[in-house]
Structures are given as C-alpha cells and as structure tokens.
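Participant: This is the structure I have questions about; it appears just below.
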Amino acid sequence: MQGKFKLIFSEHDAQESVTYVLVKKFQIEPNILRAEMDDTGGLMVLNMIGTEENLRDAIKYLEDQNITVVKLSKHIQRDEERCFDCGSCVSVCLSRAFSIDPVTWEVNLNYEKCVACGSCLTACPAHAITLIL
Amino acid sequence: MAKTYEEINEKIRKGKAVVYTAEEVIDIVREKGVEKAAEEVDVVTTGTFGAMCSSGAFLNFGHSDPPIRMANIRVNGVEGYGGLAAVDTYIGATSLSETKPNYGGAHLIEDLIAGKRVDLEAWSPGTDCYVRKNIRSSFTLDEINEAYLFNPRNVYQNYSIATNTSDTTLHTYMGKLLPRMKNATYSSAGQLSPLLNDPHLDTKGMGTRIFLGGGIGYVSWQGTQFNTTIPERNGIPTGGSRTLALIGDMKQMDAKFVRGLDIYGYGTSLAIGVGIPIPILNKDIMQRAAITDDQIYSTMYDYSVTSRSRPALRQYSYAEMKRGIIEYEGHGIRTSPLSSYKGARDVAGKLKDWIEHSEFELTVPSMPLPKEGKVQPLEIR
Ligand code: SF4
Ligand code: SF4
C-alpha cells in the first residue's frame, strides 16, 4: 500500500526524526516530496509505502507526536470546462503531473504525481486549476 | 495545372471539393507528390487557438429614452472607449475591470458570446440633444445592435521562444518562466498555423473570408507591426513577422472558440480560434501548405533582459519544441506551448467541415497585403 500525506508540524524539531522512525519502527518507505520548515513549524508532503497495518500504526504514531496528518488525494483540481489544453502548465510542473498526449494534444493531469507545490496555479491563464489543501 | 477561385467554389457548391487540414495534407503530398496533390486538393484549412492581446469589440448599445451621449462607459466594470458617437464603443481585450478581479475585456467578450447578461453603466455631461447624464442597465448580446470583433493584430506569423536566464521566476505574456532556464515557452501552432502555410501571403488579402471564433470573419487589413524583414529558414520567417487585422460578427461566434485569459502578473488577453482556408491554385501553393514542423524554426530569447532588443540564444524547430524538451548547451529545457494545438486542430477541422458541406465559399482578395513592411521603434525624444 502507498499513500501521499501532508504532515503539519507545530514545532521545528519534531520533523527531524520522523522519517527515521517511520523506517525503523514501522518499516515504511518514506519519500519526501516537499518540505517547508521554519522556527514555528512547517509542513511536509510525504509519500509512504508499507503494509496497511504499518501505515495505520505509523499515522497513529505521528498523530501522538502532535503532528497533523492529512491524506492527500486529488488535492489538485482542474475545471475541464475552463481548460482549453493550451499546455502553459506543463513545463512549470517539476513533478511532471501534466503531460501532453502526443496523439490528441490534450493536456493530461496525473493526480498521483502531484506534490501540491502550487506552481501551476499561476501558470494557467484560464484559471482552470485550484489547489485544495 | 492551375485552378481558379471560381473553379474551387463551383466544387464547394456541388459538395465535391477536396479539403484537408494543413496537418492531414502533409501525408497526401508525401504519398502522391506535390504535382498530383496540387491537382487533387482544392482547399487546405489552417487553424490556431491562442492568446491574441490586440483584439477587441465594437458594440452599439441602442438609444435609451431620453437618450445619452455616453462619454464614460463601463461594462461589467470594464472601460469602453467613450470617444465615438453617442452609443458606440470599443472594448479592448486587455482593459481590466474596476469591479471584478481577474476580469477584463477578454472575459467580457467571452461572456457576451456565451449569451450572459452583463451590466452597463455610463455617464455624460449632457447636451441639448442628449439630456441624460447617466444610465444603469444590463444587456445580452442579442439585445444590442451591432457587435463585432475588430482585432488590429492577430495570427502572428511565427513568434519567439521565451526562456529566463535569471535567478527569479518571471511572469510574462509568454507565460511563467522558471529561473535558470528550467523551461521555455512557444506560442505558434507551427505546421497548422495560418500564416506559416502561406508565408508570403499569396492567397490572402483584404476581404479573405475566414473562421473567426466559431463564426465567419474577414481579413480587413494588414495587422499592426506587419514585418517582412525577419530572416527566413526554409522560406519561413524565424520570428514574429506578418500579422493580420481581422473582423467578425460576434453574434455568430461560439464561446468554445473564444476564451478570456488572465495571465498572472501580466493582465488579461483573449484566446481566439482563427482558421484561414488556402485555395490550392497551383503546385507552389500546395508545396508551401504542406510545410512540416521540422522545417519551421523560431528563435529563443532571454526574457529576463528587459530592454527592447533581447539577446537571441538559439533557434529550434517546432518539431523539437513539441517533443517537450530541448537541449541548450548540454542542458535539457522543458517546453510548454502557450496556444492550444488541440484547439488549432478543432478550428481547422471545423472549417474543413464547413467547406465540405458547402457552407463556406472562398473569396478572391479585393486587394493584396503589402509585400514589405518593417517595424519602427518609438524613440524617446
Ligand atoms: S501543484 Fe501543480 S505544479 Fe505542483 S506538482 Fe501539483 S500539478 Fe505540478
Ligand atoms: S494551463 Fe490551464 S488551460 Fe492550459 S492546459 Fe493547463 S490547465 Fe488547461
């Protein structure tokens, strides 16, 4: 099983050991997609791979550490009526969530690849994209 | 064997015209050779669907009772020009609404074409013949008199490729440009683009009937900044060169082909679908209409340079640009088109459909476009 999660920290030091514990204690394969930290805390977007049980336990552990855990799925949304397949969003998405179909020239969005960085929001001239966090 | 406009129109009227899009015809010419293709093919349709800032609408509101000579005009908060006769105005695509955020003339044009009701407010000093000093009302496209787009500069023949060598993100009319050349943007439809398939405008002139925003429009003049001095490669200019001024009835248009845009950090612009038919009168015209992306080149400029003359970095073909990644001095740069190639295809396809179904005949231009034109700078004196 795998899933993408947003972790919100209220204290700066809490995040340092998180990935270590996830690996050691819960045999989880974490992959940090995005991290923003400052003295007052911050957020981290993390992909976690592990068994269903381990994932559940890991999330419980994180929550016990006062970390808010939000499961991310389809947090990026595109208004298909507004989108006119211009492609402006494609090259600003460093995780390559957008791609152009070489046959139809439609601009496709792969939700799995999105790390919720928000870069595409200011690239879309049709205001077709919204980020729900 | 040469054909005439009239012979082609005769076939269109009988529903027998052979029509291909500028993309489809590439294979026809490859298979049959240019001579045979020129005999068989009557019309090639082109298309593009991207931002064209120099666009706008002339509207005539009709007279209220008592009437007003509108001097100061707002439609959905967007300023309309008040220097024409009493109830005529022109609303440009980039004019920003004072009341609605991220909304401008372009969005207003889209809303009107989509059949939406919009708010009108106007003021006047009042005259003996036009006593009213202000008016507040609303209208839809159907309720006003004339409404036509008149776009002073559309369908640029080719356009630059933009990148950014600086350390900060730039928000330009060429889209979002990431720092240190992490991406590059281009805006032409390449092998489908109207003016790239007839580079010296042999079949275009004033009065050429076209597809504009889903309705029928016409070429009315050369576009502003009409430029014939850009160096060519394979007979095609390697940067922005010729342009057209277009006119068309908004009441015939379809909101599917007209889109108000708000380019972050720049402002509003209008994306509009434009398709121009090319009559295949002879084999030279056939040859040029079959141009492919690998023969069309554009020049990449550094948009972090803010002076008028930006340094040219390199040239790339549209075949390279459309692969999604280009190479520059050993680095890969990801690319984004800014105009919709899918939309361009829809436009060319729709125009083809009209011609095949005898709904659209070709017009002989009443005057050719200039053979020469250059762009003069504005000197600060
Ligand atoms: S927010 Fe947009 S740019 Fe960022 S990863 Fe998701 S799709 Fe890509
Ligand atoms: S930039 Fe916006 S309109 Fe253009 S393809 Fe992306 S989502 Fe669609």
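The values are calculated or read from the model by the stated rules, or taken from the named source; none is laboratory data. Just so it is clear, the model here is predicted, and its values are computed rather than measured. No Cβ is skipped: glycine too gets one built from the backbone with ideal geometry, and neighbour counts run over all protein chains shown.
Participant: Please list, ordered by first then second residue, the pairs with beta carbon atoms under 6 Å, 6 or more apart or interchain, first in the stretch B:163-181 and facing another protein chain (nearest Cβ under 9 Å), second outside any strand (DSSP E or B) and among the small types (Gly, Ala, Ser).
Facilitator: Cβ pairs passing all conditions: B:HIS171/B:GLY265; B:GLY175/A:SER88; B:LYS176/A:ALA123.
Participant: Name the residues in the stretch B:40-54 that are among the hydroxyl-bearing types (Ser, Thr, Tyr) and out of contact with any Pro (no Cβ under 8 Å at 6 or more places or on another chain), would you? Spell out the reasoning first.
Facilitator: Let us first name the residues in the stretch B:40-54 that are among the hydroxyl-bearing types (Ser, Thr, Tyr), namely B:45-46, B:48, B:54.
Once the filter is applied, which keeps residues that are among the hydroxyl-bearing types (Ser, Thr, Tyr) and out of contact with any Pro (no Cβ under 8 Å at 6 or more places or on another chain), the stretch B:40-54 yields nothing.
Participant: Still on this structure: How about the stretch B:141-184: which of its residues are in a helix (DSSP H, G or I) and of a type in the set (D, E, K, R)?
Facilitator: In the first step, residues of the stretch B:141-184 are kept if they are in a helix (DSSP H, G or I); the result is B:141-143.
Passing the criteria: B:ASP142, B:GLU143.
Participant: Still on this structure: Would you check which residues across the stretch B:12-23 are part of a helix (DSSP H, G or I) and buried (at least 16 other Cβ atoms within 10 Å of the Cβ) and list them?
Facilitator: Of everything in the stretch B:12-23, just one residue is part of a helix (DSSP H, G or I) and buried (at least 16 other Cβ atoms within 10 Å of the Cβ), namely B:ILE12.
Participant: If I go through the stretch A:108-133 residue by residue, how many of them are basic (Lys, Arg) and within 13 Å of chain B (Cβ to nearest Cβ)? Don't jump to the end; show me each part of the working.
Facilitator: Within the stretch A:108-133, the subset basic (Lys, Arg) is A:113.
Narrowing the set further to residues that are within 13 Å of chain B (Cβ to nearest Cβ) leaves none.
The number of residues fulfilling the criteria is 0.
Participant: On to the next question. Which strands (runs of 3 or more DSSP E) does the stretch B:220-301 wholly contain that include 3 or more residues that are within 14 Å of chain A (Cβ to nearest Cβ)? Full working, then the answer.
Facilitator: Working: elements: B:244-249, B:258-263, B:267-275, B:277-279.
Answer list for the stretch B:220-301: B:258-263, B:267-275.
Participant: Would you mind finding the one in B:THR89, B:THR94, B:THR21 that is within 27 Å of B:PRO199 (Cα to Cα) and at pLDDT 95 or above?
Facilitator: On the way: B:THR89 fails: within 27 Å of B:PRO199 (Cα to Cα); B:THR94 fails: within 27 Å of B:PRO199 (Cα to Cα).
Exactly one residue qualifies, and that residue is B:THR21.
Participant: Does B:GLU79 satisfy the criteria of being under 25 Å from the mean Cα position of the chain (by Cα), away from chain A (no Cβ under 14 Å) and free of Cβ contacts under 8 Å to residues at least 24 places away in the same chain?
Facilitator: Details: under 25 Å from the mean Cα position of the chain (by Cα): yes; away from chain A (no Cβ under 14 Å): yes; free of Cβ contacts under 8 Å to residues at least 24 places away in the same chain: yes.
Here the answer is yes, as B:GLU79 does meet what is asked.
Participant: Among the residues of the stretch B:302-331 satisfying the criterion of being closer than 18 Å to B:LYS176 by Cβ and either of a type outside the set (A, V, I, L, M) or within 25 Å of the chain's Cα centre (by Cα) (or both), which is nearest to the other protein chains (Cβ to nearest Cβ)? Give the steps one after another, and end with the answer.
Facilitator: Pass one, the stretch B:302-331, residues closer than 18 Å to B:LYS176 by Cβ: B:302-306, B:310, B:321, B:324-326.
From the residues that got through so far, the ones that are either of a type outside the set (A, V, I, L, M) or within 25 Å of the chain's Cα centre (by Cα) (or both) too are B:302-304, B:306, B:310, B:321, B:324.
Details: B:ASP302: 16, B:TYR303: 14, B:SER304: 16, B:THR306: 20, B:ARG310: 19, B:MET321: 11, B:GLY324: 7 Å.
So the residue we want is B:GLY324.
Participant: Which residue out of A:LEU72, A:LEU62, A:LEU94 is among the aliphatic types (A, V, I, L, M), surrounded by fewer than 20 Cβ atoms within 10 Å (Cβ to Cβ) and under 19 Å from the mean Cα position of the chain (by Cα)? Steps first, please.
Facilitator: Details: A:LEU72 fails: surrounded by fewer than 20 Cβ atoms within 10 Å (Cβ to Cβ); A:LEU62 fails: surrounded by fewer than 20 Cβ atoms within 10 Å (Cβ to Cβ).
On inspection, the qualifying residue turns out to be A:LEU94.
Participant: Inspect all residues belonging to the stretch B:344-354 and state whether any of them is free of Cβ contacts under 8 Å to residues at least 24 places away in the same chain and more than 14 Å from chain A (Cβ to nearest Cβ). I'd like the intermediate steps shown before the answer.
Facilitator: Kept after step one, since they are free of Cβ contacts under 8 Å to residues at least 24 places away in the same chain, are these residues of the stretch B:344-354: B:353.
Remaining after also requiring more than 14 Å from chain A (Cβ to nearest Cβ): B:353.
Yes - at least one qualifying residue is present in the stretch B:344-354.
Participant: For residues that are more than 28 Å from B:GLY56 (Cα to Cα) and β-branched (Val, Ile, Thr), tally how many sit in the stretch B:228-237.
Facilitator: Looking only at the stretch B:228-237, we keep the residues that are more than 28 Å from B:GLY56 (Cα to Cα), and these are B:231-236.
Narrowing the set further to residues that are β-branched (Val, Ile, Thr) leaves B:236.
Looking only at that region, the number is 1.
Participant: Right, here's the next one. For the stretch A:42-107, list the strands (runs of 3 or more DSSP E) that sit wholly inside it and hold at least 1 residues that are within 16 Å of ligand 1 (Cβ to nearest atom) and away from every other protein chain (no Cβ under 12 Å); which are they?
Facilitator: A:68-72, A:76-78
Participant: Separate question: I need the full set of residues from the stretch B:118-156 which are within 20 Å of B:THR268 (Cβ to Cβ) and among the charged types (D, E, K, R), in order please.
Facilitator: Matches in the stretch B:118-156: B:ASP119, B:GLU121, B:ARG153.
Participant: Sticking with this one: Looking only at the stretch B:108-115, decide whether some residue is surrounded by fewer than 13 Cβ atoms within 10 Å (Cβ to Cβ) and at pLDDT 95 or above. Steps first, answer last, please.
Facilitator: Taking the stretch B:108-115 as the starting set, the residues that turn out to be surrounded by fewer than 13 Cβ atoms within 10 Å (Cβ to Cβ) are B:115.
Filter once more, keeping what is at pLDDT 95 or above: B:115.
Yes; the residues of the stretch B:108-115 include at least one that is surrounded by fewer than 13 Cβ atoms within 10 Å (Cβ to Cβ) and at pLDDT 95 or above.
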